[in-house]
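Peer 1: Take this structure, written in structure tokens, and hold onto it; I'll ask about it next.
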Amino acid sequence: MAIPKILGTETEYGIIGRNDPDFDPISRTLLLINSYQCETPSPSLWDYTQESLRFDPQAMSFDDIYDVPDQLDPLSINKVLLNGARYYLDHAHPEYSTPECTAIRDLVCYEKAGDRILEYSRIAAEQVLTGGQQILLYKNNSDHKGNSYGYHENYLLDRNTPFRLIVEQFTPFIVSRQIFCGAGKVGAENGTAPTVYQISQRADFFETEVGLDTMVKRPLINTRDEPHASREKYRRLHVIIGDANMSEYALYLKLGATALVLAMIEDEFLPRTFTLRDPVATLKGVSRDLTCRKPVQLDDGSTISPIALQWEYWAAAERYCATFSVEPWGLDVLQKWAYVLYHLEQDPLSLARELDWVIKWRLLTSYMNRHGYDWDSAQVTMLDLQYHDIRRDKGLYYVLERSGKVERIVTDAEIDLAVDEPPGDTRAYLRGMCLKKFRQQVFSVNWDSLAFNLDEGNIRRIALDDPLQGTKAQVANAIEGATSAAELLATLSGT
Amino acid sequence: MMINIRNSRTRSGEMFEAIASEEHRSLTMVVGMATGDQKQARRSDAPQDTAEARPASNIKERGETLKEDLDRIIDEIDEVLEENAEEFVKNYVQRGGE
């Protein structure tokens, strides 16, 4: 049986300055990060060490002899947040990694909370800027000039799943899933075939089928495998092919359908495999087919439309959900997936409330009709860009959301809660709650560890190899009853 | 290809009268369930004055309401859209990330 799905996403935001001739993305990103919740003292070290200590739920393991991680100015480039997320500088972009989640809907909340956190940072940072300087942030993946920045999904898989099987069975799925989770883009980049509008932001940037790189020669299937958990038990599948979504509906369906397909791959449930003749070219071709119907070539000489390919995965997932007791979100994902595929078949434009690429297409074409612009107009590219502006008063997605023009999955109140509260069902709970209650004593943090400075020079580190340890049910009483980190550690270790 | 999309807008209410093909006949129930949820969600989430919340007496009226609605949104977008789009777009250059 497939392991419980543990997932998270990483978003790199586009950043630009206004009235800022000397704009430097790195210093502005540092300003953003340091402006967020700066009233809370003592940001923690990010623990880059790779030790993998065993975690025994009966008696937590501790590492008393612990070297300070060697890193350059770690206080300013990493912030671990109260919701268990990580907020940091990645190359020349601000990046937000959600806490580990097990429910798809929760992950939608935590990813959306990231957009709010960046927005709060921006507002706080601008308090110290002068001369009308502003920082603008975009949740998209392209600058329309051949530069792409990433949006990555992470799914923990059973280590026993053969990687060959993942490559075979997952590739056709991720090549075709863009028909519901693409964010839409004006034009083409990176030397690819010209087009006025395409489904995906990222498709133009993928050049190989399998590989480790993320910045050059990007692969459809990325082999980076840092599970941040027990390496014997888990593989981390780092999915780099996706677009960052503004639409909650598209985001939810992307994560949910992908998690279901991965569970089927783990259980070797998929009845037959489709092998695409040229997956990289197909990715770009599907992105350029706004009907989602144009047949793609399979290795055996036959053809299939992207929608039909998705129906095949859907049909298998329906049988899978009927056969096994799947996670509670499984059936809801199945319904929305069917709803979307059915309507894509009937008329993609009927999904102008649900899917980013359709919402954006409708917005752009309506605007062009009103003002007489064509696809080459700077205004049209501006609309494309500003659709992803995370300011809730200026971003065009948020203009539509405010007017009730887009379908939602979660509420604003739930997103607000996810800004400051960790999820209760993973180790992110222990991480976030320790930062809330014992921040002064938290010495360093990583996804799979927490170290406390108990007194002068006495640093104790908890290894959290299992993402399902440290949940609210397991540790809430211990945290509530403890008046110091030392007490908490004593309770958790049973001493 | 794109013209097809623009011109083939499906009218709400007709979507489930015809099932696309035999192989998808078995999906009717699930799709119907999903659609039911969707419509319910729209009714409760959408502001009461939108076209989605009001049963249009005929297609023409509904089309006009949608157009008015969209016109209002475009007015709002005109107010918030960055000025000097050409320069803004030109200056939006990012270093690669990831």
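Peer 1: Within the accessible area of chain A, what % is carbon and sulfur when the probe is 1.4 Å and the other protein chains stay in place?
Peer 2: Details: 8400 of 16560 Å².
Using a 1.4 Å probe with all protein chains present, chain A comes out at 51 percent carbon and sulfur.
Peer 1: Hey, another quick one. At a probe radius of 1.4 Å, figure out the B/A buried accessible area, summed over both chains, and give it in Å² to the nearest 100.
Peer 2: Values: alone 9510 and 19350 Å², together 22980 Å².
Summing both sides, the interface buries roughly 5900 Å².
Peer 1: While we're on this one: List, in order, the whole-Hz ³J(HN,Hα) value for each residue of segment A:175-189 obtained from phi through the Karplus relation with A = 6.51, B = -1.76, C = 1.60 and θ = phi - 60°; use x for Gly and Pro.
Peer 2: Using θ = phi - 60°, the values come out as 5, 9, 5, 4, 4, 10, 10, x, 9, x, 8, 7, x, 10, 9 Hz.
Peer 1: Still on this structure, I have one more. Going from most exposed to least, what order do A:ARG460, A:ARG202 have by accessible area with a 1.4 Å probe? Spell out each step's value before the answer.
Peer 2: Values: A:ARG460 55, A:ARG202 0 Å².
The ranking, largest first, comes out as A:ARG460, A:ARG202.
Peer 1: Here's something else I'd like to know. Which of the residue pairs A:LYS437/A:LYS472; A:LYS139/A:LYS436; A:LYS112/A:LYS472 have a Cα-Cα distance greater than 25 Å in the structure shown?
Peer 2: Long pairs (Cα-Cα over 25 Å): A:LYS139/A:LYS436.
Peer 1: Tell me the relative contact order for chain A as a rounded percent, counting alpha carbon contacts under 8 Å between residues six or more apart.
Peer 2: Working: 948 pairs, mean separation 108.4, N = 495.
Across chain A, relative contact order equals 22 percent.
Peer 1: Right, next: Using a 1.4 angstrom probe on the protein heavy atoms only, could you order A:GLU126, A:GLU456, A:GLU12 from most to least accessible area? Provide the component values of the computation, followed by the final result.
Peer 2: Working: A:GLU126 45, A:GLU456 180, A:GLU12 5 Å².
Result, largest first: A:GLU456, A:GLU126, A:GLU12.
Peer 1: Defining a contact as two alpha carbons under 8 Å apart and six or more residues distant in sequence, what relative contact order in percent does segment A:242-400 show?
Peer 2: Working: 140 pairs, mean separation 32.8, N = 159.
Relative contact order comes out at 21 percent.
Peer 1: Could you report segment A:200-300's accessible area per residue, 1.4 Å probe, as an integer in Å²? Spell out each step's value before the answer.
Peer 2: Details: 3370 Å² over 101 residues.
Dividing the accessible area of segment A:200-300 by its residue count gives 33 Å².
Peer 1: Which whole-Hz couplings ³J(HN,Hα) result when phi for each residue of segment A:130-147 is put into the Karplus expression 6.51 cos²θ - 1.76 cosθ + 1.60, θ = phi - 60°, listed in order with x for Gly and Pro?
Peer 2: With coefficients 6.51, -1.76 and 1.60, one gets 10, x, x, 5, 9, 10, 10, 10, 10, 9, 9, 9, 8, 9, 6, 10, x, 10 Hz.
Peer 1: Can you compute the FRET efficiency between A:THR491 and A:ASP393 using 1/(1 + (r/R0)^6), with r the Cβ-Cβ distance and R0 = 45 Å? Round to the nearest 0.05.
Peer 2: Numbers: r = 46 Å, r/R0 = 1.03.
Between A:THR491 and A:ASP393 the formula returns 0.45.
Peer 1: Specify whether the C-alpha gyration tensor of chain A places it in the rounded, prolate or oblate class, a ≥ b ≥ c being the square roots of the eigenvalues: rounded for a/c under 1.5, otherwise prolate if a/b is larger than b/c and oblate if not. Walk me through the numbers on the way to the answer.
Peer 2: On the way: a/c = 1.92, a/b = 1.30, b/c = 1.48.
Judged from the Cα gyration tensor, chain A comes out oblate (a/c at least 1.5, b/c at or above a/b).
The values are calculated or read from the model by the stated rules, or taken from the named source; none is laboratory data. Given the structure is predicted, the values throughout are model-derived calculations rather than measurements. Here the Cβ is made from the backbone with ideal geometry for all residues, glycine too, and neighbour counts use every protein chain on show. Ligands, DNA and RNA are excluded from the accessible area calculation, which covers all protein heavy atoms including side chains. Shrake-Rupley method; radii C 1.70, N 1.55, O 1.52, S 1.80 Å.
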